[in-house]
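Beneath this line is the structure, given in structure tokens, with notes to follow.
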Amino acid sequence: MKTSLFDDTIENIRTAADIIRDGGMIAFPTETVYGLGADALNCEAVGKVYEAKGRPSDNPMIVHIAETSELARLTDDISEDMRVLMDKFWPGPMTMIVRRKDIVPDVTTGGLDTVGVRLPSSDVARSLIKESGCPIAAPSANISGRPSPTTAEHVIHDLYGRIDGIICGEDCDFGIESSVIDMTCDPPMILRPGAITREMFSEALDREVAVDQSLFKRPKNILEPEHVAGAEAPESDDDFHPRSPGMKYKHYAPCAEMIIFDGESESVMKAMDAETEELEKQGKSVFKLSFTDEKLAAHELFAKLREADELGVDVILAEALPEQGLGFSVMNRMLKSAGYNVRRIK
Ligand code: TXA
Ligand code: MG
């Protein structure tokens with residue numbers, strides 16, 4: 001397939017919007033990660049996205065809108081809590097899971113009776129949705145299982161030749177995907193942590209929100225994503241049933257082996273140096289990852305994992321972050337990248 005590369009001018013965004021309206025696939029920047037978009041209400045177009053990504057068909061898509069008023073097209077149930085969160089966090093990196101109307105096809109929601117909706121703050125993303133005149137279903141624009149793309153180059157690397165076009169805009173601000181919060185239960189429950197943290201949700205709603213307990217588990221069997229669209233997904237660990245289908249699959253994985261070092265910073269540094277020396281003695285190349293703060297870690301993590309792959313290193317050694325606030329969200333990604341391979345350092 002011929003993939004057109006577009007600069008993010010309004011003329012180009014209009015051309016890309018025409019492609020979406022005609023049932024095509026366009027990758028575009030958002031403030032979180034790049035998305036791979038198609039008309040969310042067009043079954044055939046959405047089906048092609050699963051195929052291009054090699055995404056399991058039971059993993060639902062997030063539907064992106066350009067104005068809060070468009071939410072009523074997708075759901076009949078807009079609660080007071082939802083209004084509060086929309087006012088506070090939209091446009092921005094928040095996805096709300098809501099009951100869906102029949103207009104949203106099964107293929108978009110992986111057969112669920114709910115749909116994830118997000119109103120991005122990126123101007124390019126919002127213009128594309130507006131110009132398309134339809135809600136846009138957009139998973140992250142990577143091959144399933146790979147780190148999410150935070151630059152246009154990442155998207156080109158994974159999807160060039162598999163989709164109709166890529167809007168090459170700026171690098172993504174946040175660098176990790178949106179927070180996903182289920183608004184169909186009481187209290188609302190965080191299914192995927194992101195830039196909007198538990199503390200921020202609880203403060204906005206003036207009560208504690210719940211957190212899917214599977215986010216605290218360290219499963220043994222991470223499922224490989226099926227690289228066949230429409231294929232049945234296999235079962236994962238018996239005691240690991242995340243409420244967000246995507247969370248049970250292997251994700252964000254670099255090609256190299258990855259080990260997370262968790263402990264007091266100075267000891268971790270020493271342990272990582274010792275391990276590096278040992279590995280290099282064995283002829284292995286090592287890539288070390290350590291971030292000064294959570295915000296930078298979120299911004300850089302996926303890009304660094306891809307950089308390590310480009311360099312063809314054998315092992316990535318990463319320093320854990322404190323699992324609070326944004327650090328909890330980054331660690332969620334880091335743990336999955338490493339296949340939950342953690343070394344505790346005393
Ligand atoms: O920041 C983001 O959310 C990016 C940008 C492109 O907007 N998109 C993104 O999409 O990360 P994706 O498909 O890579 O991740 C969507 C996550 C998956 O874990 C999926 O299982 C979950 O959201 N999800 C979507 N709809 C859901 C639903 N109805 N119920 C539960 N989980 C849902
Ligand atoms: Mg993804």
Could you work out the relative contact order of the chain, using alpha carbon pairs under 8 angstrom and six or more residues apart, expressed as a whole percent? 21 percent
Leaving out ligands, DNA and RNA, and with a 1.4 Å probe, what % of the accessible surface on the chain is carbon or sulfur? 46 percent
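Which pairs in the list K2/K53; K217/K295; K288/K336; K2/K130; K304/K336; K270/K346 are over 20 Å apart, alpha-carbon to alpha-carbon?
Working: K2/K53 16 Å; K217/K295 24 Å; K288/K336 17 Å; K2/K130 25 Å; K304/K336 15 Å; K270/K346 11 Å.
Pairs exceeding 20 Å: K217/K295; K2/K130.
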Treat each spin label as a single point 7 Å out from the Cα along the C-beta direction, and report the C43 to V84 distance in nm. 3.9 nm
Put a dot 7 Å past each Cα toward the Cβ at S267 and D123; how far apart are the dots in nm? 4.9 nm
Total charge dipole magnitude, region 1-100, about the Cα centre, Cβ charges on Lys, Arg, Asp, Glu only, Debye to nearest 20: 280 debye
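Using a Förster distance of 56 angstrom, determine the FRET efficiency expected from the C-beta separation of R21 and K284, and round it to 0.05.
Working: r = 50 Å, r/R0 = 0.89.
Rounded to the nearest 0.05, the efficiency is 0.65.
Just in region 101-188: which GluC sites (Glu not before Pro) are loop by DSSP and have at most 16 other Cβ atoms within 10 Å? Walk me through the numbers before you get to the answer.
Values: sites: E131, E153, E170, E177; in loops: E170, E177.
Passing sites in region 101-188 are E170.
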When the helices in the chain are scored as -39500 (n - 2.57) per DSSP H run of 4 or longer and the sum is shared across all residues, what 222 nm value do you end up with, to the nearest 500 deg cm²/dmol? -9500 deg cm²/dmol
With axes computed from alpha carbons, what is the tilt in degrees of helix 10-21 against the longest principal axis of the chain, rounded to the nearest 10 within 0 to 90? 80 degrees
Among D186, D113, D18, determine the one that fluctuates most according to a GNM of the chain built with springs between C-alpha atoms less than 10 Å apart. D186
Angle between the Cα long axis of helix 265-281 and the longest principal axis of the chain, 0 to 90 degrees, nearest 10? 80 degrees
What is the packing order of peptides 207-219, 274-286, taking the mean over residues of other C-beta atoms within 10 Å and listing the highest first? 207-219, 274-286
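Per the Cauchy relation, a quarter of the hull surface: what is the mean projected area of the convex hull of the alpha carbons in the chain, in nm²? Can you show the working numbers first?
Values: hull surface 67.8 nm².
Averaging across all directions leaves 16.9 nm² for the Cα convex hull.
Only four residue types carry charge here, +1 at the Cβ of Lys and Arg and -1 at the Cβ of Asp and Glu. Report the dipole size of the chain about the Cα centre in Debye, rounded to the nearest 20. Intermediate values should be presented prior to the final figure.
Numbers: 38 positive and 61 negative charges, 80 e Å.
My answer is approximately 380 debye.
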Rounded to the nearest 10, the angle in degrees between the Cα long axis of helix 326-337 and the longest principal axis of the Cα atoms of the chain comes to 80 degrees
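Taking region 75-104, which trypsin sites (Lys or Arg not before Pro) meet the DSSP loop condition and have no more than 16 other C-beta atoms within 10 Å?
K101
I need the shape label for region 31-79. Rule: rounded when a/c is under 1.5, else prolate if a/b > b/c, else oblate, with a, b, c from the alpha carbon gyration tensor. Display every interim value, and only then the final one.
Working: a/c = 2.15, a/b = 1.68, b/c = 1.28.
Because a/c hits 1.5 or more and a/b exceeds b/c, region 31-79 counts as prolate.
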Estimated distance in nm for a label pair at D293 and M1, the labels positioned 7 Å out from Cα along Cα-to-Cβ: 4.0 nm
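Could you do me a favour and compute the accessible area per residue for region 306-346, 1.4 Å probe, result in Å²? Present the calculation step by step, with values, prior to reporting the outcome.
Values: 1710 Å² over 41 residues.
Ligands and nucleic acids excluded, the figure is 42 Å² per residue.
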Using the beta-carbon distance between E277 and E199 and R0 = 56 Å, what value does 1/(1 + (r/R0)^6) give for FRET efficiency, to the nearest 0.05? 0.90
Place a +1 charge on the Cβ of each Lys and Arg in region 69-217 and a -1 charge on the Cβ of each Asp and Glu, then give the dipole magnitude about the Cα centre in debye, rounded to the nearest 20. 260 debye
Give the long-range amide H neighbours of R192: residues separated by 5 or more places, or on another chain, with amide H under 5 Å away, using H modelled in the peptide plane at 1.01 Å from N. V180
Could you tell me, in Å, what Rg and Dmax come out for the Cα atoms of region 275-343? 12.4, 38
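The values are calculated or read from the model by the stated rules, or taken from the named source; none is laboratory data. Quick caveat, the model's predicted, so the values are computed rather than measured. Cβ: placed from backbone, ideal geometry, glycine included. Neighbour counts: every protein chain shown. Areas reflect the complete protein model, heavy atoms only, side chains present, ligands, DNA and RNA absent. Shrake-Rupley method; radii C 1.70, N 1.55, O 1.52, S 1.80 Å.
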